[in-house]
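Here is the structure we will look at.
The values are calculated or read from the model by the stated rules, or taken from the named source; none is laboratory data. Computed from a predicted structure; not experimentally measured. Cβ atoms come from the backbone with ideal geometry, glycine included; neighbour counts cover every protein chain shown. For accessibility, only protein heavy atoms count, side chains too; no ligands or nucleic acids. Shrake-Rupley method; radii C 1.70, N 1.55, O 1.52, S 1.80 Å.
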Amino acid sequence: MRAIKTVIPFKPDNPKSRLASVLTEEERKIFVGLSLENVLSVLKEAGIKQVEILSKSVLNTADENNLMSFSSPDFEIIIITDEADLSTAVNTYLKSSDVPVFIVMADLALLTKEDVKAMTEPMAESMTELMAESMTELMAESMTELMAESMTESLGESMAGAMAMPVRTNFIRIAPGKDGGTNMMYIGAPDVFEVNYYGESFKKHKEEAERKNLICEVRESFYAAADMDEPEDLFDILRYGSGKILAFVEQTIGEKEGIRKEFNDNE
Ligand SMILES: Nc1nc2c(ncn2[C@@H]2O[C@H](COP(=O)(O)OP(=O)(O)OP(=O)(O)O)[C@@H](O)[C@H]2O)c(=O)[nH]1
Ligand SMILES: C[C@H](OP(=O)(O)O)C(=O)O
């Protein structure tokens, strides 16, 4: 795979304030830790080789050691700290990168490796395929199908070579969040694109792509859209989650009668 940088913004202190009505601060800390672990495992499974955790504050030694236990010779984890707000920290990160950047939020407790692959697959090939397909259609009108197919094949190959650079860098790809946010973003041109999170950021990021003349692709997926912002989002973990985070939510919610009842009533 070509060089990309993968970054996970992470706020370890007083995280997930919107879950404060159902989880204590300590529980929210455990919850985001488990969610981050989940994201790391999925990135590793999807073949990502290196991940940088962009943390708002310095992690304590136990948390750092725990995260480092997910690293392996073919999966490097680097922890960096930037105390700035989310958008400022990510924009500083983007400016410092001379290769495409893949941003993945830490609260994607249901993320799958297919979602990650859909975000990181090269654009040049899919564009070439698309163009080759429409050329086939055009040519098939005036020639035999056989001739059109073989011409398209060689045309496709030469296009991939000729177009690889501009197509690959001048685009962004977004996995929207279920409430209008931006859960993952692949940024081919980190030198020009600027993020602006919160308040319908999906729309803002599409507009930013337009302003900067970048192609914008959207990759929607139920699991990638399921960020964990509001108390009812925890129900999605009970329905579709697995592993340690499912056990944690089952246990904490099980102990809180009101929420368990609301879940049972909704089922
Ligand atoms: N580096 C960095 N990451 C952040 C910051 N704020 C949020 N994040 C991370 O960005 C992602 C999306 O943030 P939110 O969903 O708003 O998470 P949150 O800020 O913990 O939750 P709320 O307090 O409920 O808004 C998560 O991965 C967070 O850990 C920040 O100021 N700096
Ligand atoms: C970071 C923010 O997350 P949300 O508040 O939508 O979870 C966004 O996606 O813009």
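Residues of the stretch 60-81 include none that is outside any strand (DSSP E or B), modelled with pLDDT of 95 or more, within 16 Å of ligand 2 (Cβ to nearest atom) and among the polar types (S, T, N, Q).
In the stretch 19-46, the residues that are under 30 Å from Glu121 (Cβ atoms) form Cβ pairs under 8 Å with partners that are open to solvent by 30 Å² or more (accessible area, probe 1.4 Å) and of a type in the set (A, V, I, L, M, F, W, C), at six or more places apart or across chains, as follows: Glu37/Phe70; Leu40/Phe70; Ser41/Phe70; Lys44/Phe70. Taken together, Val7, Val101, Val58 contain a single residue that is out of contact with any Lys or Arg (no Cβ under 7 Å at 6 or more places or on another chain) and open to solvent by less than 10 Å² (accessible area, probe 1.4 Å), which is Val7.
Okay, residues lined up against (1) within 16 Å of ligand 1 (Cβ to nearest atom); (2) under 22 Å from Phe10 (Cβ atoms); (3) of a type outside the set (Val, Ile, Thr); (4) within 16 Å of the chain's Cα centre (by Cα):
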residue	(1), (2), (3), (4)
Glu200	yes, no, yes, no
Glu208	no, no, yes, no
Gly243	no, yes, yes, no
Lys256	no, no, yes, no
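In the stretch 170-197, of all residues being within 19 Å of Ala84 (Cβ to Cβ) and not in a loop (DSSP other than H, G, I, E, B), the one that is nearest to ligand 2 (Cβ to nearest atom) corresponds to Thr182. With the requirement that a residue be in a helix (DSSP H, G or I) and either over 14 Å from Thr6 (Cα atoms) or open to solvent by 10 Å² or more (accessible area, probe 1.4 Å) (or both), what does the stretch 106-119 give you? Lys113, Glu114, Asp115, Lys117, Ala118, listed by residue number. Taking the criterion of being within 8 Å of ligand 1 (Cβ to nearest atom) and outside any loop (DSSP other than H, G, I, E, B), the residues of the stretch 1-27 that qualify are Ile8, Pro9, Phe10, Ser17, Arg18, Leu19. Selection of the stretch 206-230 for residues being within 15 Å of ligand 2 (Cβ to nearest atom), among the acidic types (Asp, Glu) and open to solvent by 30 Å² or more (accessible area, probe 1.4 Å) yields Glu207, Glu220, Glu230. Within the stretch 28-46, the residues that satisfy the criterion of being out of contact with any Phe, Trp or Tyr (no Cβ under 6 Å at 6 or more places or on another chain), of a type in the set (D, E, K, R) and more than 16 Å from ligand 2 (Cβ to nearest atom) are Lys29, Glu37, Glu45. In summary, Asp233 fulfils each of the numbered conditions (1) away from ligand 1 (no atom under 14 Å from the Cβ); (2) charged (D, E, K, R); (3) open to solvent by less than 20 Å² (accessible area, probe 1.4 Å) with the single exception of condition (1).
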